[in-house]
1. Expressed as a rounded percentage, what relative contact order does the chain have, with Cα pairs under 8 Å and six or more residues apart?
2. Please check: in the Gaussian network model of the chain (C-alpha springs, under 10 Å), which one of 16, 181, 86 has the largest mean-square fluctuation.
3. Roughly how tilted is helix 88-118, in degrees to the nearest 10 and between 0 and 90, from the longest Cα axis of the chain?
4. From the gyration tensor of the Cα coordinates in segment 14-195, what semi-axes in whole Å does the equivalent ellipsoid have, largest first, with each one equal to sqrt(5λ)?
5. In degrees from 0 to 90, rounded to the nearest 10, what is the angle of the helix 139-169 Cα long axis to the longest principal axis of the chain?
6. Please give the calculated 222 nm ellipticity per residue for the chain, where each DSSP H segment of at least 4 residues contributes -39500 (n - 2.57) and the sum is spread over every residue; nearest 500 deg cm²/dmol?
Ligand code: HEM
Ligand code: HEM
């Protein structure tokens, strides 16, 4: 009950985050999962039409994700997170990991795009539009950019692990409503509770 009430009135700083913040967050998570799934499937499929189509889709969804994250950043700047009453080191760690997540999620598509361009590959968005080629072909540079694309992917996975572990600690150990303020469900029961107050 105490938790439900605090989620409603926000008096302890854990009111629901704006719907836009939550939609952007979970859309990014879903698109990232799709990106890893597509590249794993492409690697399983190997060379051939299916593999090439999956890599094309990986490129298209990745560039879409880039635009989504830019829009998300603009939204986030206009809607800062209400501060939490947590120790300074925790807020610093959480904020640092969130900032690093933004950097990696923007760097990944940029590196993938530049690596594909310098490899001389044509990038076809969803099989419909071919993007104009703007970088000169350079195989050595392309190899290095692909290596970096792979390394940043590993760093991104580590950051996601750290971030998700922190979120789950709020959900199951601290039980302070921080996980719930980012969650998408529960609007209906919240409204019912509010109308009873
Ligand atoms: C957040 C976005 C992205 C994520 C998480 C991601 C993730 C990955 C991962 C994990 C790999 C495998 C790396 C390895 O095997 O070492 C990969 C490979 C690749 N990525 Fe991405 N990527 C993203 C965006 C992009 C974009 C936007 C493009 C191109 C426009 C792209 C093009 C490629 C290509 C061409 C490969 C190599 C495929 C092959 O083995 O032939 N990626 N990506
Ligand atoms: C996979 C499971 C995930 C869970 C359970 C989770 C959970 C959460 C929660 C509970 C918050 C709210 C923190 C607060 O209110 O202070 C949050 C914020 C945030 N999460 Fe996640 N998250 C996950 C994945 C991701 C991924 C993959 C990204 C990658 C971009 C991400 C990026 C962020 C960012 C940047 C914030 C700060 C708020 C914002 O800028 O929108 N999260 N996350």
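1. Details: 182 pairs, mean separation 51.0, N = 197.
Relative contact order comes out at 26 percent.
2. 86
3. 20
4. Ellipsoid semi-axes (Å, largest first): 36, 18, 15.
5. Taking the Cα atoms of the chain, the angle to 139-169 is about 20 degrees.
6. On the way: 7 runs with 141 residues, N = 197.
Value at 222 nm, helices only, nearest 500: -24500 deg cm²/dmol.
Rule-based calculations on the coordinates, nothing more; no lab input. Note that the structure is predicted; figures quoted are calculated from it, not measured.
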